[in-house]
Amino acid sequence: MATTTEPRLPLSRDRILHAALTLVDEGGIELLTMRKLGQELGFEAMSLYNHVANKDEVLDGILDLVLGESEPPSLIGDWDAAIRTSAVSVHGALRRHPWSCTLVMAPGRIRPARLRYMDLLLGRLREAGFSADTTYHAYHVLDGHIFGFSLWETSHIYTAEEAANLEAKFAHVITADAYPYLHEHAQQHFSEGPHREVSAFELGLDLILDGLKKIHDAA
C-alpha cells in the first residue's frame, strides 16, 4: 500500500521570519544561520533567498517582529500614564526576546519602528510642556532605564542548575559576618517573599516619572 506524505507548507518571507524568531528565542542569536534556518523549515538554504536577500534582512525582520510587540506612547490621556504603558510594553518585548536588546541598540540596525517610537516619546514629552532641554535629558533617562534594565536582566538569566551552583558559591563567599547586607540581599534572590511581587523595572520607572512630574509641575 503506497504511503502518502503531507505536502510541505510553501515558503514565504513571513514564515521564514517567524521560524527565525523561534530559532533565536530558543537557541540564541549565534545559532541563526541560513543553513540552520533552512533545516528548520525543511528547505535548502538557497530556497530562502527567493524571499529574503540575506541573513541581515532576516535579522532586521525579526527585530521588526519584536518591536511590533510593543506600543509607542499614546497621544490620548495623561502624558505620564501614556509613557508608562509604552515603557512597560517595550520592556516586556525585550524580556520575552533577551537577545534583541543589544541588537536593537546597534547603530547599524535602527529600524523604522524604533525611530517612530523615539519620535513619539520625544513628542509626548514636548507636548506635555517640557522644554527642549528638559526633554533631551528626560528622554535619555527613560530610554536608558528601559534598555539598560533590560540588558542587565539578560545577564541574570540562569538555568535551575546554574542558579543552584550560584547559590552555593554565594553561601561560601558572601558570608553574613563579612558582608551582612550583601548576604541579606543575596538570600532574597534565592527565596520567595513579598519582594517577588514587586517589579523592579516598574518601581524604577515610577521613580523616574514621579521626578519628571515634579519638574513638570514646578515649571
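A short reminder: the numbers here are calculations on the coordinates, not readings from a lab. None of the values given here were measured: they were computed from a predicted structure. Cβ coordinates were reconstructed from backbone atoms using ideal geometry, including for glycine residues, and neighbour counts include every protein chain displayed.
Give me the base-10 log of I(q)/I(0) for the chain at each q in 0.12, 0.13 Å⁻¹, Debye formula, one uniform scatterer per Cα, rounded to two decimals.
-0.83, -0.92
How big is region 1-92 on each of its three principal axes, counting only the C-alpha atoms and giving the largest first in Å?
67, 31, 23
Below 8 Å between Cα atoms, with a sequence gap of 6+, how large is the relative contact order for the chain in percent?
Relative contact order, the chain: 16 percent.
In degrees between 0 and 90, to the nearest 10, how far off the longest principal axis of the chain does helix 180-189 point, with axes built from Cα atoms?
Roughly 40 degrees, rounded to the nearest 10.
Could you give each residue of region 116-129 its phi-based ³J(HN,Hα) in whole Hz, using Karplus coefficients 6.51, -1.76, 1.60 with θ = phi - 60°, and x for Gly or Pro?
Once θ is set to phi - 60°, the couplings for region 116-129 become 5, 4, 4, 5, 5, 5, 4, x, 5, 5, 5, 6, 6, x Hz.
Identify, among ALA87, TRP152, LEU103, the residue whose Cα sits farthest towards the positive end of the charge dipole of the chain, taking +1 on the Cβ of Lys and Arg and -1 on the Cβ of Asp and Glu, with the dipole about the Cα centre.
Among ALA87, TRP152, LEU103, the one farthest towards the positive end of the dipole of the chain is LEU103.
Whole-Hz ³J(HN,Hα) for each residue in region 96-101, computed from phi via Karplus 6.51 cos²θ - 1.76 cosθ + 1.60 with θ = phi - 60°, x for glycine and proline: what do you get?
Going residue by residue, I get 5, 10, x, 5, 6, 4 Hz, with x marking Gly and Pro.
Each residue of region 207-219 in order: what ³J(HN,Hα) in whole Hz does its phi give by Karplus 6.51 cos²θ - 1.76 cosθ + 1.60, θ = phi - 60°, with x for Gly and Pro?
5, 5, 5, 4, x, 5, 5, 5, 5, 5, 5, 5, 6
Translational diffusion coefficient, Stokes-Einstein: compute it for region 129-219 using the Kirkwood radius over C-alpha pairs as Rh, at 10 °C and 1.306 mPa s, and state it as an integer in µm² s⁻¹.
The estimated diffusion coefficient comes to 99 µm²/s.
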